[in-house]
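**Student:** This is the structure, below, for whatever I ask next.
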Amino acid sequence: MTETARDGAYDDLLDAIEDGEGYYVECANGHGSLPPRRVCPHCGSRDLTEEPFPEAGEVLTHTTVSVATPGFSEDAPYVTAIVDFGAVRVTGLVRGIDPEDVEIGTTVGIDVGERETTGERAVVFRPR
Amino acid sequence: MTHPRVAGVGLTRFGEHPERTGRDLFAAAGLGALDDAGVDPDDVDALYYGNFMGELAEHQGHQAPLMAEAVGLDVPATRYEAACASSGAAVREAVTALRAGEADVLLVGGAERMTNIGTAGATDALSIAADDLYEIRAGMTFPGAYALMARAYFDEYGGSREDLAHIAVKNHDHALPNEYAQLQKEITVEDVLEAPMVADPLGLYDACPITDGASAAVLVSAEYAERHDLAAPVAVTGSGQGGDKMALHDREYFARTPAATAAAEEAYDDAGVGPDDVDVAEVHDCFTVAEVLALESLGLYDPGEGITAAREGDTHATGDLPVNLSGGLKAKGHPVGATGVAQVASLTKVLQGETSWADDVGDAEVGLAHNAGGTVASATVHVLEVVA
């Protein structure tokens, strides 16, 4: 392992989202989760498929982080939210909306952006 | 009864001691507990030690043998890591070993050195209790995580920042006479509401401070206590642990902590008590909202009812159910690996009548300790009772 090694399925997922082909893992019972998965964390099913993210989801909860870690120091203040995409929920950075205007129920889509501090990729949500 | 007894406890003063090494902190707490217990150190069978961020703060892994050496013990020593529930997990393992007859005398404790790496460094180190790929890289900090939970709570049940502020005010008030507390400082609701935001809706005074400190307790089998005629009236009568999905987004509800509920149900069953029997509690209030989530998950309040408990005075020393008489994590401080055992130490003192709040609390016989890791993907609960 080196610092430049890819993080397997996580980086594969970000690549796919960048290509407009983002997906999550869904089990036979309809539970969603994020890769890599060999078993559904919700029910133990091993019957898993990749399903495309819906075009949009809804913000379930959000916060504007003012005191950041060193890896996000130049990003702060920034908005982190958990978004409901139906079967799966995802945490990401909210971009393209004034932090004051982010609300529970705000409609967003999933995308990939870069941290201002380090240039590293991150899951981001943008208004739809 | 075969419940393990708390024979002695020791704490460092919690606070900012950036120059004190972890081994120095733990030595003070550990020797304090051994002296308080009055047991022969040669009788100690093992050290169960909690620590979370030693690699990041001190570039020191494999801490348990180092800590055993620091208190002069040549015994097997193991570090337990469950984020902020590390030493709660150590207590649970110690109780299990004592009950099984695998040991008669165990030193249990924890230590954390945090302020030497600064606020940004400690914020970073704490964040790794979350999922690195899917939470930290999305900007999750620990205040941020609890802010997500607080906003979800307000949305589901109602409540306000002012309700939360009363929790901070109460816990600061409790810490005033606690000489081991980091923040012996009275605050007002206005102070809390006007403090700078950390992660909205949580401000600086909704958060526990960053703390250096250590805690220790000597747990002994009931048989050993009797054989050596120890003054150890408090027993650990119930122990439970719960787990949950690592990432908050994989939980069904963001304003509930089912790992704590599972831990509490197990601990209550184990002790043969219920929530109505609890006289005093030390709960994991790393943020004000965390105290609310704890009270509700432990069955002490119904969902949606815990938010006003502090505001109405119920959880103050003068109320029906005093919570965090030590000042809690909020005012006593939160050296994360030390917190679980510090809760046990504080409760033991309260149950022995050795608290500045004794006149208000009266004869407390059943105490509850709730220690949580991450966004409560780990939780331990212990019931302490006066049995002798």
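**Student:** Does the stretch B:241-388 come out rounded, prolate or oblate, given a ≥ b ≥ c as the square roots of the eigenvalues of its C-alpha gyration tensor, rounded meaning a/c under 1.5 and, failing that, prolate meaning a/b above b/c?
**Tutor:** Working: a/c = 1.56, a/b = 1.47, b/c = 1.06.
Note, shape of the stretch B:241-388 comes out prolate.
**Student:** Let me ask you something else. Would you mind calculating the relative contact order of chain B from Cα pairs under 8 angstrom and at least 6 residues apart, reporting the percent as a whole number?
**Tutor:** Relative contact order for chain B comes out at 26 percent.
**Student:** Something else about it: With an 8 Å cut-off on Cα pairs and a minimum separation of 6 or more residues, tell me the relative contact order of the stretch A:1-52 in percent. Before the final figure, lay out each step's value.
**Tutor:** Working: 65 pairs, mean separation 16.1, N = 52.
It rounds to 31 percent for the stretch A:1-52.
**Student:** Straight-line reach only, C-alpha to C-alpha below 20 angstrom: list the lysines that B:Lys330 could link to, leaving out same-chain residues fewer than 8 apart.
**Tutor:** Qualifying lysines at Cα under 20 Å: B:Lys170, B:Lys185, B:Lys349.
**Student:** Based on alpha-carbon centroids, what's the gap between the stretch B:67-131 and the stretch B:295-374 in Å, whole number please?
**Tutor:** Using only Cα atoms to place each centre, the spacing works out to 21 Å.
**Student:** For chain A, what class follows from the C-alpha gyration tensor (a ≥ b ≥ c being the square roots of its eigenvalues): rounded when a/c is under 1.5, otherwise prolate if a/b is larger than b/c, else oblate? Don't skip to the answer; put the middle values down first.
**Tutor:** Values: a/c = 2.01, a/b = 1.31, b/c = 1.53.
It comes out oblate by the Cα gyration axes.
**Student:** If I fit a long axis through the Cα atoms of helix A:8-18 and take the longest principal axis of the Cα atoms of chain A, what angle between them do I get, 0 to 90°, rounded to 10?
**Tutor:** 70 degrees
**Student:** Can you give the charge dipole size of the stretch A:54-128 about its Cα centre, rounded to the nearest 20 debye, using +1 on the beta carbon of Lys and Arg and -1 on the beta carbon of Asp and Glu?
**Tutor:** Dipole magnitude for the stretch A:54-128 comes out near 220 debye.
**Student:** Explain nothing, just the number: relative contact order of chain A, from Cα pairs under 8 Å at least 6 residues apart, as a whole percent. Let's see the in-between values first.
**Tutor:** Numbers: 257 pairs, mean separation 27.3, N = 128.
RCO, chain A: 21 percent.
**Student:** Given C-alpha coordinates of the protein assembly as shown, what is the ratio Rg to Rh with the Kirkwood estimate of Rh?
**Tutor:** Working: Rg = 22.7 Å, Rh = 23.2 Å.
With Rh from the inverse mean 1/r over Cα pairs, Rg/Rh is 0.98.
**Student:** If r is the Cβ-Cβ distance from B:Gln60 to A:Ser73 and R0 is 35 Å, what FRET efficiency results, to the nearest 0.05?
**Tutor:** E between B:Gln60 and A:Ser73, to the nearest 0.05, is 0.85.
**Student:** If you place +1 on the Cβ of every Lys and Arg and -1 on the Cβ of every Asp and Glu, how big does the dipole about the Cα centre of chain B come out, in debye to the nearest 20? Let's see the in-between values first.
**Tutor:** Working: 21 positive and 63 negative charges, 175 e Å.
In debye, rounded to 20, chain B gives about 840.
**Student:** Kindly write out, for the stretch B:331-338 in residue order, the coupling ³J(HN,Hα) from the Karplus curve 6.51 cos²θ - 1.76 cosθ + 1.60 (θ = phi - 60°), rounded to whole Hz, with x marking Gly and Pro.
**Tutor:** The phi angles translate into 10, 5, x, 9, x, 3, x, 8 Hz.
**Student:** Return the calculated 222 nm mean residue ellipticity for chain A, to the nearest 500 deg cm²/dmol, obtained by summing -39500 (n - 2.57) across DSSP H runs with n ≥ 4 and dividing by the residue count.
**Tutor:** Values: 1 runs with 11 residues, N = 128.
Calculated at 222 nm, the ellipticity per residue is -2500 deg cm²/dmol.
**Student:** Quantify how strongly other chains surround peptide B:140-149 by giving the mean number of their Cβ atoms within 10 Å of each of its Cβ atoms. Walk me through the intermediate numbers first.
**Tutor:** Working: counts 9, 9, 1, 5, 13, 5, 1, 6, 8, 2.
Partner Cβ neighbours, averaged per residue: 6.
**Student:** Under the classification rounded if a/c is under 1.5, otherwise prolate if a/b is larger than b/c and oblate if not, where does the stretch A:1-52 fall, given a ≥ b ≥ c as square roots of the Cα gyration tensor eigenvalues?
**Tutor:** Details: a/c = 3.82, a/b = 1.57, b/c = 2.44.
Because a/c hits 1.5 or more and a/b fails to exceed b/c, the stretch A:1-52 counts as oblate.
**Student:** What Kirkwood Rh does chain B have if only Cα atoms enter the pairwise 1/r average? Answer in Å.
**Tutor:** Numbers: mean 1/r = 0.0498 Å⁻¹.
After inverting the mean inverse Cα-Cα distance, the result is 20.1 Å.
**Student:** With equal scatterers on the alpha carbons only and no solvent term, can you work out the Debye log10 of I(q)/I(0) for the stretch A:54-128 at 0.16, 0.19, 0.22, 0.27 1/Å?
**Tutor:** Debye curve over Cα of the stretch A:54-128, log10 I(q)/I(0) at q = 0.16, 0.19, 0.22, 0.27 Å⁻¹: -0.51, -0.71, -0.93, -1.29.
**Student:** Tell me, in nm to one decimal, what length is gained between B:Asp302 and B:Lys185 on full extension, where the rule is 0.36 nm per residue of separation less the Cα-Cα distance? Walk me through the intermediate numbers first.
**Tutor:** Details: separation 117, 0.36 × 117 = 42.12 nm, distance 3.11 nm.
Fully extending the segment from B:Asp302 to B:Lys185 adds 39.0 nm.
**Student:** May I pose another question? Using Cα atoms only, what is the angle between the long axis of helix B:161-175 and the major principal axis of chain B, expressed in degrees (0 to 90) to the nearest 10?
**Tutor:** Rounded to the nearest ten degrees, it is 30.
All of the numbers you see were taken from the coordinates with simple rules; none came from a lab. In this text, all values refer to a predicted model and were calculated from it rather than measured experimentally. Note: ideal-geometry Cβ built from the backbone for every residue, glycine included; neighbour counts use all protein chains shown.
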